[in-house]
Amino acid sequence: MGIYSCIGTSLESVKQALYDGVSGIVLDAGRHDWGFRCALTGKVPVPDLKSVLDRHQRSLMPEEAMYAYCATSDAVKNAGIDENYFLQEEVGLIYGNDSTAEAVIQGLDRIRQYKDTTLCGAGTIFKSMNSTVTMNLACLFHLRGINLTISAACASGSHSIGLGTMMIRNGLQNMVIVGGTQETNPYAVASFDGISAFSVRENIPSQASRPFDRDRDGLVPSGGAATLVLEEYEHAVRRGAPIIAEVLGWGFSSNGEHISTPNVEGPVKSLEMCLKNAGVGIRDIGYINAHATSTPIGDKKEAQALYQVFGDAAIPVTSTKSQTGHEMWMAGASEVIYSILMMQGDFVAANLNFDHPDEDSAKLHIAGQRLNHHFNTFLSNSFGFGGTNSSLIIRSI
């Protein structure tokens, strides 16, 4: 695994932040000058890659590709893989990304200013395509297997894990690098602010993201990147890989209704399919990392879906978005990593700012404080605009 997020840029720092309940959300006052209603954001440091990549390589990478490079470099190192392995083996790449806003706008601004398309910059085309992340990672790491970008809104990172698992289960790849990334610049989220999707609770940034809380008023945008190395079990054993966990099951669905308002039926189908695919029962799940983004309708519908499937099983439920904000295209991958880190540490990070349950969240076992809790199997939900749903069940090895 490798992670580059607003609560840390290494597995160790992220695990500590989860344990301590540290928030990565800040106020970027300059966004008000843009006309934003909300200037809150997850603060992710911009990587300095001058010492590891040459100027030409960097010129082809937008912000989100740089985040993904950092997360992937760490994941590859932690998996015990060197460059020679990639040159000798066919390794696949399936990564979630659903925007390249900054690169597109900056390129078009230069064209409008100079009235000359040749002045937009030679790297603009490669930075502005939605597949920019996979095209850059595939070239930088010499990956020669499947090369595919998943654009599925806020379920992109989760779907990448599901599809990578399916490729391996069907014998098409022995190893697939998967993950998700999200740019954090104002261009990327201005339209979300325009539809009043964001919290306006700016006075105390760390208290703005409040999944499942009765007084939630919107999400907080965030980003970064998260990468996991998926590998066929016997293949991993033969090369002496440090095996962390197993993907037991993947479930998915589409709501097939409103483009932005979620329902209950779609998530229920994803959850039930995931449990069936994993071959486990409700009582086998030790923790649920909810999608809950801190929006009034989204959290309500997910709480109803979770209760419909799990009933009174009293499984600990939290949304790590209370600390990170909503990492969007990255979230489905990062939240798997967050959950694995908690599983390794025998704790469940607090669902911050859960002060007052509503009628739906009161039915769930939501941990408003950190729990010392041993579990070896968890479920992670990711839902997105357009009604795309993805659920994953992971078990420790």
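No lab work stands behind these numbers, since they all come straight from the coordinates. This structure is a prediction, so every number in the text was calculated from the model and none was measured. Don't worry about glycine lacking a Cβ; one is built from the backbone with ideal geometry, like all the others, and counts go over all protein chains shown.
Under a Gaussian network description of the chain, with springs only between Cα atoms under 10 Å, the residue in S73, S199, S59 that fluctuates furthest is S59.
Peptides 349-357, 323-331 ordered by packing proxy, namely the average of other Cβ atoms within 10 Å per residue, highest first: 323-331, 349-357.
In the neighborhood of K43, defined by Cβ-to-Cβ distances under 13 Å, what is the net charge if each Lys or Arg adds +1 and each Asp or Glu adds -1? Cβ neighbours under 13 Å give a net charge of -1. Please report how far the C-alpha centroid of region 1-15 lies from that of region 31-63, rounded to the nearest whole angstrom. Between the Cα centre of region 1-15 and that of region 31-63, the gap is 17 Å. With a Förster radius of 22 Å applied to the beta-carbon distance between H373 and I243, the computed FRET efficiency rounds to 0.45.
Highest mobility in the GNM of the chain, judged by mean-square fluctuation with C-alpha springs under 10 Å and restricted to F141, F383, F212, is found for F141. If the segment from D20 to S51 were pulled out straight at 0.36 nm per residue, it would be longer than the present Cα-Cα gap by 7.9 nm. All Cα-Cα distances of the chain, cut into 10 Å bins from zero to the largest, leave 5, 25, 35, 24, 9, 2, 0 percent in each bin in turn.
Residue exposure proxy: I394, I244, I125, ordered by other Cβ atoms within 10 angstrom of their Cβ from fewest to most, comes out as I125, I244, I394. Each DSSP beta bridge with both residues in the chain is either parallel or antiparallel, and the antiparallel ones are about 65%. Listed by Cβ neighbour count within 10 Å, with the fewest neighbours leading, D358, D213 appear as D358, D213.
Sorting 9-15, 220-226, 301-307 by their mean Cβ neighbour count within 10 Å, with the most densely packed peptide first, gives 220-226, 301-307, 9-15.
With 0.36 nm allotted per residue and the present C-alpha distance subtracted, the N203-S396 stretch has 65.5 nm of extension available. Under 17 Å of direct C-alpha separation, and excluding same-chain neighbours fewer than eight residues apart, K363 reaches these lysines: K300, K301.
When shorter helices are ignored and each DSSP H run of at least 4 residues is given -39500 (n - 2.57), the per-residue value for the chain at 222 nm works out to -10500 deg cm²/dmol.
Placing a label point 7 Å from the Cα of C139 along the Cα-to-Cβ direction, the residues of region 58-72 whose backbone N falls under 13 Å from that point are 58-62. Note on H235 and R110: the extension gain reaches 40.1 nm, defined as 0.36 nm multiplied by sequence separation minus the Cα-Cα distance.
Restricting the GluC sites (Glu not before Pro) of region 71-158 to loop positions (DSSP other than H, G, I, E, B) with no more than 12 neighbouring Cβ atoms within 10 Å leaves nothing. Spacing of the modelled spin labels on S260 and R283, each 7 Å from Cα toward Cβ, amounts to 4.4 nm.
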